[in-house]
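What follows is calculated from the coordinates using simple rules that are stated; it is not laboratory data. These numbers come from a predicted model, not from an experiment. Counting neighbours? That spans all protein chains shown, and the Cβs are built from the backbone with ideal geometry, glycine included.
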């Protein structure tokens, strides 16, 4: 890579760009137009290197895809060159574009499918990966990611398993394994699910590289583009993205304190005949609610009556903080209408990427054909480690430790909220899972709160991405599982300070303009 | 699961079914028809349990999907019941179908998408997974799977890495990681590729859960249904399946001793404008050939001229048995038209599921959006183990050991072939990779040879699945990397005996009917 001769850009480009968010011109076109003018006017000289997409997006508070689209447009006009390792540079001799066609401009095929991606993936497509990388910024207190606490990742247990068995079982742990998964793991998981009340056998288990893969496989099996799917509002945003990426239309049913509003579901099933119902009946993400027993029965009746399968996503079912332990919805599923997904990303370690689907055996056979096409099989080392955890009865002890610890963290966070936050915030006390779901006072928007909290080095997730109906402006999700205890109190204190500041400003503004009120959409 | 009261099927069902392979009626319908008759006539009584799909498929020498479709058809007619854990059973009171509608028949949505799957996945969709599970049958000498030798899986090295670092680095190794992959691994792989002559940086690397996932992502990015893709003939069957599953039409260009026939490629590019070219330029699977330097240059010129990107799949590039070490095609790729895929499944362990794509940084960004939708990220433990192998400089030593060992196995297999096989077989001597590619004498069909060899407990892959043009009837692929040395000689001897027997029968038949000759399609 030759970096010589390319001047680094010194003027902060974002200072040249004043975005108007409500003038109807797409943001990426506004950016492209301003950079185009700057190049043509000579403000940006040839060879100048522009900021990275990420950097400019941050400065302008826009989605990174927006900057990417702007740069791509300018590159396709010959005004910019985009080079691996050298970034985006104002093109040398851009006026001589025609003579230079044999040169080294970025190939056209690379821009072939630029359009439509936002539509498929949704504007929040980057959210998950930014959440994931946020954990790497040590200075931030993050309540954003629904991940296990670092010090609860069972490194000692896994090291012990490797020490005792890896060399002897190298073929199982390191070789290719059947698409459906290691048989020892399938048997272990089936036995465990039977103990939780679900009647099934190991042939009903398909091992997955994370439950996200399961959502994609089930979606591919059941959906054609344009088909409709029912989800809860709010719900796990990864599910929304995956279904939309498959071309599905996503319909919403609100959640209340007893879970999905089954009364509203019924009319939707009757009117729209969706292809399936996606639900998290136990410790729902983000709300933490549990679907009531009565609604579970009714949901299964409706599923049978309308021949509409249910996809039960149960990442948190084993993460309960009071007894009795909740049963999966699938335990009541005598007619085999429930496709059950769960994962070890919360109970053991996300880095193992071991999840599973429990479903009718015919469906397992069919889905394994699809799985093989897209990743051949799930990593054997992770499967073997989990299977050994089960075989050696190590998981149950580990779960007991997790439940104690996370329950303490939940209580710590709730106490800190009582102590440091202003009145008018409504917070649930979930009986399981990783999250608190908070409704802010009417005058505080979640997005504004996040922006100001980020300046105090605290992060969380705002409610909007969990909502398919435009709601969630006044909700935030706080994860208590992963942050350290000392950070929980400090982070909650900082958020509380920001809230109080915002409420103070609001009071002043209200005095100045007493008629001003906002009506925010609520779920 | 209650198994009581269900009689096991005792009559071998396959004996009731005589398939006619050329009468125009699809095989699954023939099977369904015969079973239907047997039920209605009382030959099969109520409650009889039928053989599993796999077992019946084996007995009838048909694809498992064929049996599945037959059973599904009968189930939808109410003649069979399919139960998790209890298999397929002749329905009780099938005559009372109507009264029994509220009962426990398999839900209708499960059969919703039964049709068309063979068309999408191809009739060989099960081949890969059967290859994978074949390794579990200890009594078979298998030359089928392109997998590393079990005793070369680096269990000791990996155990050492776990012992030294897992507890300290638990967050990296066991937590969620960025969609693009662990940065340490991306940096390590980029440095390694630079040493192999490819100019790139770590931002050009996307970590994948196996190269199959890379084929799916690239395909999804570049293809719309109905688009065309060029592959070599023969080529890796997993690639064909993945492209077809995405709705692409696959066009073929033959391979000769210098690799893909670039002269034939040109006219295809000019006439058809395919979306990309899929190639394995180095130790191609299955032929083992290396694309010549002259053809590499020409291929890159054509790619640029027609603006058609190249997907270079390079699983075996580091597995060379003579010097100089081959360079990737991408090393010559000044215009960034090559998307490079490779994997650690051959060089370290398939069970880690760690592969990577090297591509323009914009493309990495775009593909990581798609990857996140379908598996969030690649398993961190495998990534961390590989990154540590690189950081500690353990990979190079390991590769030296692998090359010595596999080269010896290749030579052992070639010598055994010389010793035990009849004349008239043509075998290449590949300079790298895992496979011998053998052309059989004109009178021996690969499929017949496999059937008879399987009775001698020897397995290999026949040529047909590697061919999109119906060819390969007289080719077989033998993998020398994974079988033990003693098994190589014995397996080759057994295949040789079968060949001699077949040639003997043939000689007798030719004497009886001297005019009889076959003209088999050849590539």
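Annotation: for a label point projected 7 angstrom from Cα along Cα→Cβ of residue A:426, residues of the stretch A:470-499 with backbone N closer than 17 Å are A:471-478.
Ordering A:168, A:487, A:473 by the number of other Cβ atoms within 10 Å of each residue's own Cβ, fewest first, gives A:168, A:487, A:473.
Principal axis extents of the C-alpha atoms in the stretch B:242-371 (largest first, rounded to whole Å): 42, 40, 29.
Peptides B:417-427, B:365-375, A:189-199, A:281-291 ordered by packing proxy, namely the average of other Cβ atoms within 10 Å per residue, highest first: A:281-291, B:365-375, A:189-199, B:417-427. Counting 0.36 nm for each residue step from residue B:294 to residue B:415 and taking away their Cα separation leaves a gain of 40.4 nm. Taking every alpha-carbon pair under 8 Å whose residues sit at least 6 apart, the stretch B:154-395 reaches a relative contact order of 28 percent. Taking every residue in B:235-245 and counting other chain Cβ atoms within 10 Å of its Cβ, the average works out to 2. In the calculated pair-distance distribution of the stretch B:154-395, the portion above 31 angstrom amounts to 21 percent of the Cα-Cα pairs. With each label modelled as a point 7 angstrom along the Cα→C-beta vector, the residue A:151-residue A:191 pair spans 3.3 nm. Out of every Cα-Cα pair that the stretch A:330-398 contains, those further apart than 18 angstrom amount to 50 percent. Express in whole angstrom the spacing between the alpha-carbon centres of the stretch B:217-289 and the stretch A:12-77. Centre-to-centre (Cα) distance: 38 Å. Of A:346, A:330, the sequence from fewest to most neighbouring Cβ atoms within 10 angstrom is A:346, A:330. By DSSP, the beta bridges lying fully in the stretch A:229-300 are antiparallel in about 20 percent of cases. Which percentage, to the nearest 5, of the DSSP beta bridges contained in the stretch B:154-395 is antiparallel? Of the beta bridges lying entirely in the stretch B:154-395, close to 40 percent run antiparallel. The stretch B:438-484 and the stretch A:333-412 have Cα centres lying 38 Å from one another. Counting every alpha-carbon pair across the stretch B:143-260, the share separated by more than 23 Å comes to 56%.
Between the C-alpha center of the stretch B:156-177 and that of the stretch A:182-213 there is a gap of 26 Å. The smallest convex shape that holds all Cα atoms of the stretch A:211-259, its convex hull, gives 70 Å³ per residue.
Look at the stretch B:210-223: the mean tally of other chain Cβ atoms within 10 Å of its residues' Cβ atoms is 3.
May I ask what percent, to the nearest 5, of DSSP beta bridges between residues of the stretch A:236-377 are antiparallel? Around 45 percent of the beta bridges assigned by DSSP in the stretch A:236-377 are antiparallel ones. Note on residue A:263 and residue A:400: the extension gain reaches 45.7 nm, defined as 0.36 nm multiplied by sequence separation minus the Cα-Cα distance.
The mean count of C-beta atoms from other chains within 10 Å of the C-beta of residues in B:380-388, rounded to a whole number, is 3.
Sorted ascending by nearby beta carbons within 10 Å, beginning with the fewest, A:306, A:71 become A:306, A:71.
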